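Structure record follows, encoded as structure tokens.
The values are calculated or read from the model by the stated rules, or taken from the named source; none is laboratory data. Bear in mind the structure is a predicted one, so any value in this text is a computation, not a measurement. We place every Cβ from the backbone using ideal geometry, glycine too, and count neighbours over all the protein chains shown. Note: areas computed on protein heavy atoms with side chains; ligands, DNA, RNA excluded. Shrake-Rupley method; radii C 1.70, N 1.55, O 1.52, S 1.80 Å.
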Amino acid sequence: MINGLLTPNKRQQLAVLIDPDKQPIESLVQLVVLANNAKVDFFFVGGSLLLENRFEHTIETIKKHSEIPVLIFPGNSYQLSAKADGLLFLSLVSGRNPEYLIGQQVIAAPFVKEAGLKTIPTAYLLIDGGRISTTSYITQTVPIPNDKPDIAVATALAGEMLGMKLIYLEAGSGALNIVSPGLIKAVKQNVSIPVIVGGGIRSAEQAEEICRAGADILVVGNVLEKEPELLMEISLAVHAAEAEKAKPTHEG
Ligand code: 1GP
């Protein structure tokens with residue numbers, strides 16, 4: 001069900017990020033219906049800091065109204081539920097805080113095993129999105145400068161060599177600047193695993209730019225809390241890019 005995440009170059013895909021604290025149940029249901037209509041590929045659920053106790057109920061509500069796979073995108077080891085279809089098992093490899101490189105994962109592992117949750121080992125790279133993100137503050141890690149693709153490439157390569165199955169380039173939720181197309185392109189040219197890009201995407205044009213740079217999966221969250229109607233446009237842009245990608249080239 002979630003294998004589509006791990007098939008690079010097959011098609012470009014769109015994930016909607018739901019922060020349970022920011023989506024009251026009524027607006028969540030509306031967004032889920034929009035996502036069904038827009039043929040979104042995945043829901044990601046999680047947040048760097050959750051203060052309300054709505055995590056599990058959010059997953060249940062999505063599952064009740066949609067068949068789109070739900071993956072946990074955890075901010076910490078408390079954000080776990082057997083009701084999800086899988087878990088992005090993140091390690092913040094761009095940081096040097098052992099708690100987010102391996103500490104939270106050790107705490108989570110027994111529950112994950114017990115729950116039978118499918119895990120997708122993911123190298124999580126925080127990129128500077130133009131302001132201090134909640135992720136950067138909470139994890140006490142310095143993001144990779146957006147104009148230093150070499151650092152991102154070296155970090156992504158290390159993640160791949162450690163056996164991670166996905167690279168996640170994260171500018172931070174609500175970032176002022178998206179991950180730069182040059183950085184995405186450089187990473188994509190150097191790794192053979194799929195690349196997820198998220199943080200600060202607010203328009204179909206930005207989504208197109210990120211697709212052209214080679215991202216396999218785009219994540220959009222924040223903007224939909226205020227302008228859910230943008231979802232259809234963004235989805236069309238991502239899936240049109242997918243069709244473009246699938247077209248045979250003149251050479252072959
Ligand atoms: C953040 O990559 C995601 O973790 C999505 O970011 O909320 O800014 O869309 P936005």
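Consider region 21-71 and keep the residues that are part of a loop (DSSP other than H, G, I, E, B) and charged (D, E, K, R). The one that is most open to solvent (accessible area, probe 1.4 Å) is Glu67. In region 94-104, of all residues being in a helix (DSSP H, G or I) and in contact with a helix residue (DSSP H, G or I) (Cβ under 9 Å, 6 or more places away or on another chain), the one that is least open to solvent (accessible area, probe 1.4 Å) corresponds to Tyr100.
Hey, does region 216-223 have a residue that's surrounded by fewer than 24 Cβ atoms within 10 Å (Cβ to Cβ) and without any contact (Cβ under 8 Å) to a residue 40 or more places away in the chain? Scanning region 216-223 turns up at least one residue that is surrounded by fewer than 24 Cβ atoms within 10 Å (Cβ to Cβ) and without any contact (Cβ under 8 Å) to a residue 40 or more places away in the chain.
Can you pull out every residue in region 78-91 that is open to solvent by 20 Å² or more (accessible area, probe 1.4 Å), assigned to a loop (DSSP other than H, G, I, E, B), farther than 21 Å from Ala38 by Cα and at pLDDT 95 or above? Residues satisfying the conditions are Leu80, Ala82, Lys83. Being near the ligand (Cβ under 10 Å from one of its atoms), of a type in the set (Asp, Glu) and more than 14 Å from the chain's Cα centre (by Cα): is that true of Glu208 here? For Glu208, the condition - near the ligand (Cβ under 10 Å from one of its atoms), of a type in the set (Asp, Glu) and more than 14 Å from the chain's Cα centre (by Cα) - is not met.
Contact map, region 185-206: first residue in contact (Cβ under 8 Å) with a residue 40 or more places away in the chain and over 15 Å from Ser235 (Cβ atoms), second residue within 11 Å of the ligand (Cβ to nearest atom) and acidic (Asp, Glu), Cβ cut-off under 8 Å, separation 6 or more or different chains; pairs are Gly199/Glu170.
Scanning region 138-177 for residues that are in contact with a Ser or Thr (Cβ under 8 Å, 6 or more places away or on another chain), of a type in the set (D, E, K, R) and away from the ligand (no atom under 16 Å from the Cβ) yields Asp147, Glu160, Lys165.
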